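Enquirer: Submitted below is the structure of interest, expressed as structure tokens.
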Amino acid sequence: MQAIVLGSAAGGGVPQWNCRCPVCSLAWNGDSRVKARTQSSLAVSVDGSDWILVNASPDLRSQIADTADLHPRVEPRHSPIRAVLLTGGEVDNTAGLLTLRESQSFRLYGTEPVLAGLTQNPMFDVLGPSFVTREAVRLGQSFEPFEGLRITLVAAPGKVPLWLETEAPLIGEATDATVGVLMEAAGRRLAYVPGCAMVSEELRAWISGADVLFFDGTVLHDDDLIRAGVGAKTGWRMGHVPMAGENGSIAALAEVRVGRRIFVHINNTNPVLIEGSEERRLVERAGWTVAHDGLRIVL
Ligand SMILES: [Zn+2]
């Protein structure tokens, strides 16, 4: 099994189009300590010719262009992308589906509420049913998008998409609105959790034993956005557990048996994005890798 981090940033990417937070400012200024990053997505393959995307980010077109493995190989029309799996219904998870129109066949997997979100937005009807098969997947039910790869979805504590939020949205509930993904091939296991509000006992249990874990690195501290002066929302309010602190993911996952630990879905306000910074060193000393676009992991 191999996985490519197509996009390692959270919503907005790095730099974000309207942002002058300290990290984005360095990126706009061309400072080599901050790499540009596109919005979160992962591509996974077993044989190198068939691929599944986990989430279709708004940057999908450029991510495909930058990744030779995903280029069409057969005239006149072809794509190695055989399937797309959605872990949530946010714009960040789904907007790239609009890039995948053009009458190309693939299967689209997600939980029932996530697929219902697409049905509510008629623009996604450009992915016509004669080409794109939508398959609702229940939590805990395994499926094989292609031979040799088994996928199971697990509830991740999170929240409903921003565009479906009510005045007081429930946060931290483990439902099928936000899911984690467990992939297994030839005895190797990959866990992908790009959005997670808190590290629960259940989460720890199913991550345990993974050869590689890709985990939500949106914020370093709960108040990153407030510290950066760009907003009033905490990590919790956005449905994301911080990396640092007593209840942060680094501490909460420290005792869990995992091969490699990699932060993905990193918001542009997060100072770990600055190479050589104290914050980056803290995360790396704890045994974590801060993902960059194009990072390839072979299992
Ligand atoms: Zn920023």
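Enquirer: Roughly what percent of Cα-Cα pairs across segment 216-274 reach past 19 Å? Before the final figure, lay out the partial values.
Expert: Details: 449 of 1711 pairs.
Of the Cα pairs, 26 percent sit more than 19 Å apart.
Enquirer: Quick one: plug the Kirkwood hydrodynamic radius of segment 63-175 (C-alpha pairs) into Stokes-Einstein at 20 °C, 1.002 mPa s, and report D in µm²/s. Mind showing how you got there, number by number?
Expert: Working: Rh = 15.6 Å.
Diffusion coefficient, whole number: 138 µm²/s.
Enquirer: List the equivalent ellipsoid semi-axes of segment 1-142 in whole Å, largest first, each obtained as the square root of 5λ for an eigenvalue λ of the Cα gyration tensor. Each step should come with its number before you reach the end.
Expert: Working: eigenvalues 148, 69, 42 Å².
Listed largest to smallest, the semi-axes of segment 1-142 are 27, 19, 14 Å.
Enquirer: Percent of Cα-Cα pairs more than 29 Å apart in the chain, please.
Expert: On the way: 12976 of 44551 pairs.
Result: 29 percent of Cα pairs exceed 29 Å.
Enquirer: Would you kindly compute the Cα radius of gyration of segment 181-239 and its largest Cα-Cα separation (Dmax), both in Å?
Expert: Here Rg and the maximum Cα pair distance are 14.5, 47 Å.
Enquirer: Tell me, Kirkwood radius of segment 100-142 from alpha-carbon pair distances, in Å? Spell out each step's value before the answer.
Expert: On the way: mean 1/r = 0.0912 Å⁻¹.
Evaluated on segment 100-142, it is 11.0 Å.
Enquirer: Among bridges DSSP assigns within the chain, what percent are antiparallel (round to 5)? Display every interim value, and only then the final one.
Expert: Working: 28 of 54 bridges.
Bridges in the chain that DSSP calls antiparallel: roughly 50 percent.
Enquirer: Using Cα springs under 10 Å in a Gaussian network model of the chain, which residue among VAL230, VAL137, VAL91 shows the largest mean-square fluctuation?
Expert: VAL230
Enquirer: Based on the inverse mean of 1/r over its pairs of different Cα atoms, what is the Kirkwood hydrodynamic radius of segment 35-98, in Å?
Expert: Details: mean 1/r = 0.0822 Å⁻¹.
Taking the inverse mean of 1/r over all distinct Cα pairs, segment 35-98 comes out at 12.2 Å.
Enquirer: Stokes-Einstein diffusion coefficient for segment 121-263 at 37 °C in a medium of 0.692 mPa s, Rh from the Kirkwood formula over Cα pairs: what value in µm²/s?
Expert: 198 µm²/s
Enquirer: Just the projected area, averaged over all directions, of the convex hull on the alpha carbon atoms of segment 116-192: how many nm²? Before the final figure, lay out the partial values.
Expert: Details: hull surface 26.0 nm².
Reported value for the Cα convex hull: 6.5 nm².
Enquirer: Something else about it: With a Cα-only, solvent-free Debye model of segment 187-290, what are the log10 I(q)/I(0) values at q = 0.17 Å⁻¹?
Expert: -0.72
Enquirer: Still on this model: Gaussian network model of the chain, Cα springs within a sub-10 Å range: biggest mean-square fluctuation belongs to which of ASN93, ASN55, ASN121?
Expert: ASN121
Enquirer: Starting from 0.36 nm per residue, how many nanometres of slack lie between SER62 and ALA232 once their C-alpha separation is accounted for? Walk me through the numbers on the way to the answer.
Expert: On the way: separation 170, 0.36 × 170 = 61.20 nm, distance 3.10 nm.
Length gained, SER62 through ALA232: 58.1 nm.
Enquirer: Enumerate the residues in segment 41-56 having an amide nitrogen under 15 Å from the point lying 7 Å beyond the Cα of GLU147 toward its Cβ.
Expert: The answer is 46-51.
Enquirer: Using 7 Å Cα-to-Cβ label points, what is the ARG257/ASP125 separation (nm, one decimal)?
Expert: The answer from the label model is 5.2 nm.
Enquirer: Listed highest first by mean packing, meaning other Cβ atoms within 10 Å per residue, what order do 291-297, 265-271 come in? Intermediate results must be reported in sequence, preceding the final value.
Expert: Working: 291-297: 18.3, 265-271: 26.0.
Most protected by this proxy first, the peptides run 265-271, 291-297.
Enquirer: Please sort by residue number the chymotrypsin sites (Phe, Trp or Tyr not before Pro) in segment 87-150 whose DSSP state is loop and whose Cβ has at most 16 other Cβ atoms within 10 Å. Please report the intermediate quantities before stating the final value.
Expert: On the way: sites: PHE106, TYR109, PHE124, PHE131, PHE143, PHE146; in loops: PHE131, PHE146.
Filter output for segment 87-150: PHE131, PHE146.
Enquirer: If you don't mind, another one. Considering the chain as a Gaussian network with a 10 Å cut-off on Cα pairs, which listed residue, THR38, THR218, THR99, attains the greatest mean-square fluctuation?
Expert: Comparing THR38, THR218, THR99 in a Gaussian network model of the chain, the most mobile one is THR99.
Enquirer: Then there's this: What figure in square angstrom, to the nearest 10, would you give for the accessible area of HIS221 with a 1.4 Å probe?
Expert: 60 Å²
Enquirer: Provide, for q = 0.23 Å⁻¹, the log10 of I(q)/I(0) from a solvent-free Debye sum over equal Cα point scatterers in segment 1-62.
Expert: So the normalised log intensities work out to -0.88.
Enquirer: Using a probe radius of 1.4 Å on heavy atoms only, what accessible surface per residue do you get for segment 37-98? Whole Å² is fine. Kindly include the intermediate steps, with their values, before the conclusion.
Expert: Numbers: 2330 Å² over 62 residues.
So segment 37-98 comes to 38 Å² accessible per residue, rounded to a whole number.
Enquirer: Quick one: pull the percent of accessible area on the chain belonging to carbon and sulfur, 1.4 Å probe, ligands and nucleic acids left out.
Expert: On the way: 6630 of 13110 Å².
After summing per-atom areas, the C and S share lands at 51 percent.
The values are calculated or read from the model by the stated rules, or taken from the named source; none is laboratory data. Keep in mind it's a predicted model, so treat the numbers as computed, not measured. Because the Cβ atoms are built from the backbone with ideal geometry, glycine has one as well, and the counts that use them run over all protein chains shown. Note: accessible area is taken over every heavy atom of the protein model, side chains too, but ligands, DNA and RNA are not part of it. Shrake-Rupley method; radii C 1.70, N 1.55, O 1.52, S 1.80 Å.
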